[in-house]
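Here the structure is laid out as structure tokens; the discussion comes afterwards.
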Amino acid sequence: MAGLDGINGAEERFDWLPAFAQRPDFFQKFVAPLTLAASLATLIWWLPQDLSADGRIVLIVLVLAMIGWTMTSLGDSTVAVTAMIALTLFGAVESKDLYQSLGHELIWLLIAAFLMAAVLRSAGLIEPLVLSVTGQAVAVSRLFYGLTASIAVTALVMPSTSARAALLLPVFLVLATQVRSRPIIRALALLFPTIILLSASGSLIGAGAHILAAEVIAGKADHKLDYLGWMSLAMPIALLSSFAATAIILHSFLSPQIRRRRMQLSAPPKLPKGWRPRALLAVLILTVALWIAQSVHGLGMGVVALAGAFAMLKLAAPFLKMKDAFKSVEVELILFLAVTFTLADAMTEADVDEWLAAGFKAIVPGLAKVHDGFVIAAMTLVALLSHLIITSRTARAAVLIPSFVLPLAELGGDITTLVMVTIVGTGLCQTMSASAKPVAIFSNAPIPTYASGDLLRLSLMLLPMMFGLIMAFALGVWPSMD
């Protein structure tokens, strides 16, 4: 009784605090981030005398944004916009810089891609196209590899991994109702988000992080990555990692007997009748072809994308209103990217990246002379494990590129290779349901899918595979492609 009285007395002593301050996670969610933010901001402002005032402001805002993305429940765009407002109020950047970022060609490419994806969904074209590779009588292993190819191709025209997951969930549910085997359903549920996440790196519009990465490469390197240029760099490793992940899922979660089993599936749904669906597909194919052939015709990717999107919207007018199509555009992601563009430019203009590089070199005097393999290996591990702290793929890129990639590039590292290591590495985020939206979407499907132990088991097997692939491309492939 005395012990209970002590507990009750302790609770009563804190009754005067506001309700939010009595929450069990109050210290973790409020006190710790605020204390760390105040301490680091003070330290940065007073210690680096060789960094300009604007540079210190930019560095403080960057550090505070990282704390917001990693230690709080605030939305990514909320943190980013707050950072932009702070930079503007303190005079480190001008408000017109943000407006110019919103007008960037890659931003409009992404907006147009969202519109095209909305048309494909409303026209009922997703399921027929993805399931066209399955056939009716098919072995389980062949079904999985066929789905891998189909899901990977969707990255070429569908923006953001969460949008692809939402569009492909009905395809999974159609297959699950026909399979009626718990082990196969679990393996399929693991396959879809895994391939969505790993194949995304192969396309410029596959994830919002790629837009930021392409902008950084254009600003630091001597070349601008277009749609085809990104594909040539990233699609090979995206496909290799996707098919390797499929093999891992098949051999780790299904027995040899189940892998060889032949299933009798329903005939894949046919394309909707009429000329409009075929016209939509023709416009889509033409748009992608023009993206790939940009070096031939010289038209910007954004212009081609907008023309294709509005042609598809016109064709889809009988079943999709334009205002409904625009609702599918992830405005939060667009704002986030525009702000991170501005933040990356501000770091360069204020010489923050050079100052960080000098700091790295001072802390580890031999860093500039370290073999590229060690630097790449360290960067690869950081990228692969970053999802355990930062749950947003775009936020991971926004943190890692300014804080690691840009300083390492100033020390002589190849900017394109470092960026690609970061982008491909951050695609591994299957350890927990909260690690990525596609994983959460399939975890919360209307039917039972996988347990947290399945995700951890899969992630532990994917980690060494991804590390080996990234190291091979970073040391033997990407440097020769510059």
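The values are calculated or read from the model by the stated rules, or taken from the named source; none is laboratory data. Not measured: the values here are computed from a predicted model. Counting neighbours? That spans all protein chains shown, and the Cβs are built from the backbone with ideal geometry, glycine included.
Out of region 133-190, which residues are hydroxyl-bearing (Ser, Thr, Tyr), part of a helix (DSSP H, G or I) and touching a Leu at 6+ places or on another chain (Cβ under 8 Å)?
Correct list: SER141, THR148, SER150, THR154, THR161.
Is it the case that ILE415 is buried (at least 17 other Cβ atoms within 10 Å of the Cβ), among the aliphatic types (A, V, I, L, M), closer than 18 Å to ALA200 by Cβ and within 20 Å of the chain's Cα centre (by Cα)?
Judged against the criteria, ILE415 is not a match.
Taking the residues in region 376-395 that are at pLDDT below 85 and not hydroxyl-bearing (Ser, Thr, Tyr) as candidates, determine which candidate is nearest to MET420 (Cα to Cα).
Per the stated criteria, the residue is ARG393.
State which residue is nearest to the chain's Cα centre (by Cα) when the search covers only region 115-125 and only residues that are part of a helix (DSSP H, G or I) and either small (Gly, Ala, Ser) or at pLDDT below 80 (or both).
Going through the qualifying residues, I end up with ALA117.
Which of (1) crowded, with 18+ Cβ neighbours inside 10 Å; (2) touching a residue at least 60 places away in the same chain (Cβ under 8 Å); (3) aliphatic (A, V, I, L, M) is the odd one out, the single condition MET235 does not satisfy?
The single condition MET235 does not satisfy is (2).
Considering only residues of region 379-402 that are outside any helix (DSSP H, G or I) and hydrophobic (A, V, I, L, M, F, W, C), which is farthest from ALA213 (Cα to Cα)?
ILE389
Could you tell me how many of the residues in region 126-170 are among the β-branched types (Val, Ile, Thr), surrounded by fewer than 23 Cβ atoms within 10 Å (Cβ to Cβ), over 17 Å from ARG259 (Cβ atoms) and over 17 Å from the mean Cα position of the chain (by Cα)?
2
Any residue at all in region 313-320 that is in a helix (DSSP H, G or I) and among the aliphatic types (A, V, I, L, M)?
Yes: one or more hits.
Exactly one condition in (1) of a type in the set (A, V, I, L, M, F, W, C); (2) in contact with a Pro (Cβ under 7 Å, 6 or more places away or on another chain); (3) more than 20 Å from LEU384 (Cβ to Cβ); (4) part of a helix (DSSP H, G or I) is not met by ALA218; state its number.
So ALA218 meets the others, but not (2).
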